[in-house]
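Here's the structure we're looking at; comments come further down.
The values are calculated or read from the model by the stated rules, or taken from the named source; none is laboratory data. Quick caveat, the model's predicted, so the values are computed rather than measured. Here the Cβ positions follow ideal geometry from the backbone for every residue, glycine too, while neighbour counts run over all protein chains shown. What goes into the accessible areas is simple: the full protein's heavy atoms, side chains included, and nothing from ligands, DNA or RNA. Shrake-Rupley method; radii C 1.70, N 1.55, O 1.52, S 1.80 Å.
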Amino acid sequence: MLLLLLACAGPDGWTEQERAAILSLSPVPAPAPSPTNRVADDPAAAKLGEALFFDEGLSIDGQTSCGSCHLPKLHFSDGERVATALGTGTRNTPSVESVGWGTWYFWDGRIDSAWAQAAGPLLNPLEMGATPEHVQARVRAAYADEFAKVFGGVAEEPTATLAQVGKALEAYERTLGPKPARFDRYAADLLAGTDSDVLSDQEKAGLRLFVGEASCTSCHHGPLFTDHSFHNLGLPAIPAGGIDPGRARGAGDVGVDPLNCRSGHADRAGAAAATDTAAPGAQLDTAAPGAPGGPTAQADTARSKDTAAPAPSGVSAADDPCPELRYLDASFPDWASAFKTPSLRNVAATAPYMHDGQLDSLGAVLQFYNTLPGKPLVGHRELTLEPLQLSSSELAALEAFLRTLTAEAPPAAP
Amino acid sequence: MIALLALLACGGDAPAPSGGAAPTAAEPAAEPALSVAPLPTVNKLYRITWHTTPAPPPLSTLFEIEAVVTDPAGAPVEDAQVRINARMPQHGHGMATNPEDDPGTCDAAGACTHPGGRYLTRGMKFHMPGEWTLRFDVEGPAGADHLEVPLRL
């Protein structure tokens, strides 16, 4: 939208530009459509997905569930630096509350749907360590009636069953969307034109910095406080942590993911659910994420030809059900060690921070942005980043505002 | 809500683009909110009108862009090759997508035309805010020419 930028402050103390920026951050809308999951918004599927989410029987050791690392009391994060289940991973456990608005999943975006993402940890040897056959056996033993109701039955092919599990998990996770926080109440008051004391003067000062001088909304914009994109922050390397290629690898991996939008497991509008069709070509990859590698950054040309997942022959652009895959440039040079911008919804409850959990507190995060120490080992730091150079009181205000984005914790696991 | 803070043509004596009034989050602008009067290419071989769908182009979302190419007198140029792209000059990179140009109306022999001088490109995405340059390259009967339009998102 074209904005006429007015410098004068309104009766609420905000300029028109600030007011528009603040209102663009609230409220959280309904989840975006999930076109490859026919049951994404089916209440019965969500109920089934909740049971699956907390079912330790899906793991190979019978002791680990999705809920082992995605704890309701921590807004479905785990409070650990990196995920630890059957083994220890290399990345921080993100909340699942915002899956209803994403395009790419995991820190490196190697998955293109929430249901395919939900299926991934079941097979990861560092997480739940199962096989599709194990998952299918568990489902047949414990959820036959529920699957009959939601899917018409358990799929014959084990990977197709895994896809069904993922779709039910997504249906549940879509019900977990961030609930209104104190900031949303303030934004509602602002929209209504009423004076509001929902936020303190310090929190308002932090909000002013957030949408203004600190430029946080360059990446953390919209009601989910994320651009859904990937950036290299130039974080200090963790000793022995190795080099994580991030999006540079994920952008290539998503094109060959056996559960991606082009797979036979993706539902299509107007077609029967794709529950018994094997994915063409690729095999399920049970390797742990984060290994070095990934496409090499190429010269900056007008248009790259390295499309993540070209459309099958004869599928026109206008009719392609997978436009994100069709147009994704897997060799975009700035993907090197870039990671997904996380939502800031409920951020006060999801420490530690960054893709590898290396920053323990919001204060540490803000201090990082304030000075931007060090240089990235791979690629270059996002060019829009400059040291904030804020005072201690300004940093405190910014942190105070960030804490207003956190709602009450969801109920405990059933 | 994404603010297009400035939108100026650099193709010569181009008229300023027109845009809607300042909307708020509660008052979404009616589409198309972004349209421009015909802009001359740098060597004034062609004139281009363009719009996006959706309009204005949202951040981090795929959008289409259609350019209507005419000669200086306003007659449609239907048999040109038009490539539309976008870059962030200060960042040294373009989009993180590979857009595709619609081939137009093609006959059995593969010869394609663009009725009305309309050229459509799909798969555009502004994946981050900042200074972008939208570029239209036209190779038509009068020769090759281009237009650049700076955008600030």
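What to note about this one:
- Some residue of segment A:166-186 being over 28 Å from residue A:105 (Cα atoms) and without any contact (Cβ under 8 Å) to a residue 12 or more places away in the chain: no
- Total residues in segment A:168-191, condition among the small types (Gly, Ala, Ser) and either farther than 25 Å from residue A:154 by Cβ or surrounded by fewer than 22 Cβ atoms within 10 Å (Cβ to Cβ) (or both): 4
- Looking across segment B:65-100, just one residue is at the interface with chain A (Cβ under 9 Å from one of its Cβ atoms) and of a type in the set (Asp, Glu), and that is B:100.
- Where a residue in segment A:95-107 is over 14 Å from residue A:339 (Cβ atoms) and its partner, wherever it lies, is among the basic types (Lys, Arg) and buried (at least 24 other Cβ atoms within 10 Å of the Cβ), with Cβ under 6 Å and at least six apart: A:100/A:174
- Segment B:36-92, residues that are among the acidic types (Asp, Glu), in contact (Cβ under 8 Å) with a residue 40 or more places away in the chain and surrounded by 14 or more Cβ atoms within 10 Å (Cβ to Cβ): B:64, B:66, B:71
- Verdict on residue A:78 being open to solvent by less than 10 Å² (accessible area, probe 1.4 Å), among the charged types (D, E, K, R) and in the same structural domain as residue A:49 (by TED's automatic domain parsing): no
- Any hit, segment A:392-404, residues being open to solvent by less than 40 Å² (accessible area, probe 1.4 Å), under 19 Å from residue A:77 (Cβ atoms) and either assigned to a loop (DSSP other than H, G, I, E, B) or away from chain B (no Cβ under 14 Å) (or both): yes
- One residue from A:136, A:117 being in contact with a strand residue (DSSP E or B) (Cβ under 7 Å, 6 or more places away or on another chain) and part of a helix (DSSP H, G or I): A:117
- Any hit, segment A:193-205, residues being open to solvent by less than 60 Å² (accessible area, probe 1.4 Å), of a type in the set (S, T, N, Q), modelled with pLDDT of 95 or more and within 30 Å of residue A:65 (Cβ to Cβ): no
- Unique match (being more than 10 Å from every other protein chain (Cβ to nearest Cβ) and open to solvent by 10 Å² or more (accessible area, probe 1.4 Å)) among B:130, B:116: B:116
- Boolean, residue A:166 is in the same structural domain as residue A:43 (by TED's automatic domain parsing) and in a loop (DSSP other than H, G, I, E, B): no
- The lone exception for residue A:345 - which of (1) within 17 Å of the chain's Cα centre (by Cα); (2) modelled with pLDDT under 95; (3) closer than 30 Å to residue A:395 by Cα it fails: (2)
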